[in-house]
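A.B. asks: Pasting a structure below so you can have a look.
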Amino acid sequence: MGTPLQDSVRRVTDRIRERSAKSRAAYLAKVDRAIAQGPGRGMMACGNLAHAFAACSPADKGKLADARTPNLGIVTAYNDMLSAHQPYERYPDIIREAARSVGATAQVAGGVPAMCDGVTQGQDGMDLSLFSRDLIAMSSSIALSHNVYDCAVFLGVCDKIVPGLVIAAATFGHLPAVFIPAGPMTSGISNSEKARVRQDYSKGLIGRDELLKSEMASYHGPGTCTFYGTANSNQMLMEFMGLQLPGSSFVNPGTDIRAALTQAGAKRALEITAMGNDFRPVAHILDERAVVNGIVGLNATGGSTNLLIHLLAMARAAGVIITWEDFADLSEVIPLLTRVYPNGQADVNHFHAAGGLGLVVGELLKGGLLHDDVTTVAGDGMELYTQEPRFDGDGEVSWVAGAGRSLDEEIVRHIDNPFQDKGGLKRLDGTLGTAVMKVSAVAPERHVIEAPVQVYQDQAEVKDAFEKGELHKDVIVVVRYQGPKANGMPELHSLTPMLSVLQDLGYRVALVTDGRMSGASGKVPAAIHVSPEALDGGPIARLRDGDLVRVDATGGKLEILDPSVLERSFEIPDLSASHEGLGRELFALFRQNVGPAGQGASIFEV
């Protein structure tokens, strides 16, 4: 018998279950109605079916028309501009052959957009990044609305893409679904060298040619970027929530075992349909226990702050209502077990080799910090996710016991010797609003910053002030009107090198913003996702240069020290420049209807 679940984790889970009782019941009732109707093909007219199968091979067409074997729908986020998604180009062929090998069929149901935040960082296109998540969910729904599929596989890796696909999978919760990753690119230059070059460029010590050379040596081939940002946090999440096969996240593209895992994912999706004896629809997997396991994994690995928004939206799609308070309470009891860049120098390839997610799952189970009584695509129980895949040489994958111990304690540790006793995420609350902070890479002596503010409306203004030397002092940089309603809540990743330079010069520096930071946010304390946002009249809109603010990750506080600030009037600036160009005109309805960050920044009603 395993270690009993800790009371602290159980209390948060019970709280979520009670809070979600009505929405979860309504969701499950909807799913049950869809399940009771049976496979969609059985209810279709001949004309409908003929259109659905017209382009298939004769052999596939016969199986599809007979409707006695399952048909798998492929939802793909392939494009060959994203390095993480380029490997997906050939996945449909692999998946179709895997389906045929077990007497079934597979069709590409549809493609969804996939944008690269690495390309759009600091650019106008980043204003569409967050909104792309909900658009991906809608696009996936259109793909699956043809209703000729008995199960689905979702091909996606990066920042908004996996959350959007999960929202769609939950919406079609009557269907079983397996998420299939593409894996990280092989390691390039060291993360410490990459960070050094970026800071040297910010200081003006090197030119753009040297910076570009360094970046190309880091992001150099097919696969996910190797730092532990949002894309790789997504992959962790899919394993912790039981939607992906064990140990499949961090296997490099272009390898035999990567192809075999793709085949195994497709075959597993076909095994768990209502037409077989092991029916596992998404709705039975994605419950409050799976969501809590995801939050635990995020804390234990020091994952991306973006998931504090995305997980709320993903859970709500399955009728599960979570809050930042749930994240904060779990963070108090979840130890940090990994150091992967930006909270260390290792990349995900090093982490995978040192023991990887299987070791982390095992240690958390040992500490009673994960729900083991869960349904997953692989089977019942999280113990399955301590295993790792092996390639047998005949094109098949089998799962064996994982390492069981850390092979490098500078990268991953056991639960009795964590890097820190508490998780990497903090909730801040006070007179300035509610925010979150990733503290896993922030030195303890910088967890509390009290300083005058300098207020800006965008990253370009901050860069200009930095280059003029106006920020060379103890300062809290405030960047506002960056929330979801204002301009789509872009990441402010380009601020990190500048603020890091100031911090390295000895100044006490922090960032406060109603925008987002990248999943690569690191050593500079950053109170992000401030809510209410400035456009909603939040206190952040009332700040002026020189006001004293306290950012306190130790006490969980975000305070304006002069109460009279809250009585000030404020004017909303002209935001039209961020509403036009590169398609931003088309997203006015999203800006007008998006909810607050603390509820997932979604356009969907719950």
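A.B. asks: So for each of 36-44, 160-168, 458-466 I average, over its residues, the number of other beta carbons within 10 Å; can you give me the resulting order with the highest mean first?
C.D. replies: Order by mean packing, descending: 160-168, 458-466, 36-44.
A.B. asks: To continue, here is another question. Sum up the charges of everything whose Cβ sits under 9 Å from the Cβ of GLN482, counting Lys and Arg as +1 and Asp and Glu as -1, but leave GLN482 out.
C.D. replies: Charge balance in the 9 Å sphere: -1.
A.B. asks: Sticking with this structure for a sec: By the gyration tensor of its Cα atoms, with a ≥ b ≥ c the square roots of the eigenvalues, what is the shape of segment 471-606: rounded for a/c under 1.5, prolate for a/b over b/c, or oblate?
C.D. replies: Since a/c reaches 1.5 and a/b is larger than b/c, the shape of segment 471-606 is classed as prolate.
A.B. asks: Among the listed pairs LYS63/LYS267; LYS203/LYS463; LYS22/LYS485; LYS426/LYS557, which are separated by more than 19 Å between their Cα atoms? Spell out each step's value before the answer.
C.D. replies: Numbers: LYS63/LYS267 16 Å; LYS203/LYS463 12 Å; LYS22/LYS485 28 Å; LYS426/LYS557 10 Å.
Pairs exceeding the cut-off: LYS22/LYS485.
A.B. asks: If you plug each phi of segment 418-435 into the Karplus form 6.51 cos²θ - 1.76 cosθ + 1.60 with θ = phi - 60°, what whole-Hz ³J(HN,Hα) values come out, in order, with x for Gly and Pro?
C.D. replies: x, 5, 8, 6, 10, x, x, 10, 10, 9, 10, 8, x, 5, 8, x, 10, 8
A.B. asks: When HIS447, HIS85, HIS529 are ordered from fewest to most other Cβ atoms inside 10 Å of their Cβ, what list results?
C.D. replies: On the way: HIS447 17, HIS85 26, HIS529 31.
So the ranking, lowest neighbour count to highest, is HIS447, HIS85, HIS529.
A.B. asks: For ASP7 and PHE570 in the same chain, what is the full-extension length gain: residue separation times 0.36 nm, less their Cα-Cα distance, in nm?
C.D. replies: Net length gain for the segment: 198.1 nm.
A.B. asks: With an 8 Å cut-off on Cα pairs and a minimum separation of 6 or more residues, tell me the relative contact order of segment 206-358 in percent.
C.D. replies: 29 percent.
A.B. asks: Continuing with this model, one more query. Classify segment 314-394: rounded, prolate or oblate, from the alpha-carbon gyration tensor (a ≥ b ≥ c, eigenvalue square roots; a/c under 1.5 rounded; otherwise prolate if a/b is larger than b/c)?
C.D. replies: Verdict is oblate for segment 314-394.
A.B. asks: How many angstrom lie between the Cα centre of segment 1-44 and the Cα centre of segment 445-522?
C.D. replies: When both Cα centres are located, 40 Å separates them.
A.B. asks: Just want to confirm a number: the relative contact order over the chain, from Cα pairs under 8 angstrom separated by 6+ residues, in percent. Walk me through the numbers before you get to the answer.
C.D. replies: Working: 1343 pairs, mean separation 89.4, N = 606.
Averaging sequence separation for qualifying contacts and normalising by length gives 15 percent for the chain.
A.B. asks: Using unit Cβ charges (K, R positive; D, E negative) and no other charged atoms, how large, in debye to the nearest 20, is the dipole of the chain about its Cα centre? Don't skip to the answer; put the middle values down first.
C.D. replies: Details: 55 positive and 71 negative charges, 183 e Å.
With Lys and Arg at +1 and Asp and Glu at -1, about 880 debye.
A.B. asks: Can you sort TRP324, TRP399 from fewest to most other Cβ atoms within 10 Å of each residue's own Cβ?
C.D. replies: Working: TRP324 23, TRP399 19.
Least to most surrounded, the residues fall as TRP399, TRP324.
A.B. asks: Report relative contact order for segment 425-599 in percent, whole number only (criteria: Cα-Cα under 8 Å, sequence separation at least 6).
C.D. replies: With pairs under 8 Å counted, the relative contact order is 30 percent.
A.B. asks: Answer rounded, prolate or oblate for the chain, using the Cα gyration tensor with square roots of eigenvalues a ≥ b ≥ c: rounded when a/c is under 1.5, else prolate when a/b is larger than b/c, else oblate.
C.D. replies: Working: a/c = 1.65, a/b = 1.53, b/c = 1.08.
Prolate shape, in that a/c is at least 1.5 and a/b is the bigger ratio.
Since every read-out is calculated from the coordinates, none of them should be taken as a lab result. What you see is a predicted model; the values in this text were computed from it and never measured. Virtual Cβ from ideal backbone geometry, glycine too; neighbours counted across all protein chains shown.
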